[in-house]
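None of the figures in this text is laboratory data; all of them are computed from the coordinates on show. Because the structure is predicted, anything quoted here is derived from the model rather than measured. Every residue, glycine as well, gets a Cβ built from its backbone with ideal geometry; the counts of neighbours run over all protein chains shown.
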Amino acid sequence: MRLILLALAWLVVFLALLATVLYWLHRKKRLDVGTKFSLSDIANFVSVLLAIFALAFTLATQYQPEPRIEADIQAAAHESRVILNNGALNIEVDANLNAFDFSIVFRNVGDATLRKSLVIFAADPARVRFEPRQLSEPGLSDFLPFSQIRLGYRIDTRVIIPQGVEAFDVVIHVSGDNMNAQEIRTRVNVRLKTAPS
């Protein structure tokens, strides 16, 4: 429906420009408009209008606003800070806990709202796991464009890191009704916290 309205708007603009040019030519006496029209003239005019509408509809379908998601992965407030090093995150994990809490801020930098958003957390290797692993409605809202609200959407998640894992990839899949799954991947290097001496 929206595309039809957009195509009609293009058609109205074109017809307004055409009418302006024809009026200008008529006023300059370069165009003589007769008083009689045959049936074939009317059919030709309607054919031209339909062709223009089809062109306007095609132009309208070429531009589809789309959501596009970016994510900043940060340490939760109670964790040691995350150090960014050559695009990878360096974290310190308590050897007794083997878990780390992240706050991930998502921003929709596209020009359309991401409707019925779904966020899935995964890791490589797969033995590293997230709690929660998946978020969707009703707990997760639509992601409005950042240009409208100037805010991101924060999701807190815990990563359970088995003994012996020194590095893993955080793999986040974000999708919605109007966007195919988009993958965001970040490398994380793990270091065990040293006990204070």
>> Amide H of residue 161 versus every other amide H placed in the peptide plane: which residues, excluding those fewer than 5 positions away on the same chain, fall under 5 Å?
In response: 99, 100
> What residues have an amide H closer than 5 Å to that of residue 182, excluding those fewer than 5 places away on the same chain, when H is modeled at 1.01 Å from N in the peptide plane?
Replying inline: 174, 175
>> I want the local charge near residue 126. Using Cβ-Cβ distances under 13 Å, sum +1 for each Lys or Arg and -1 for each Asp or Glu among the other residues.
In response: +1
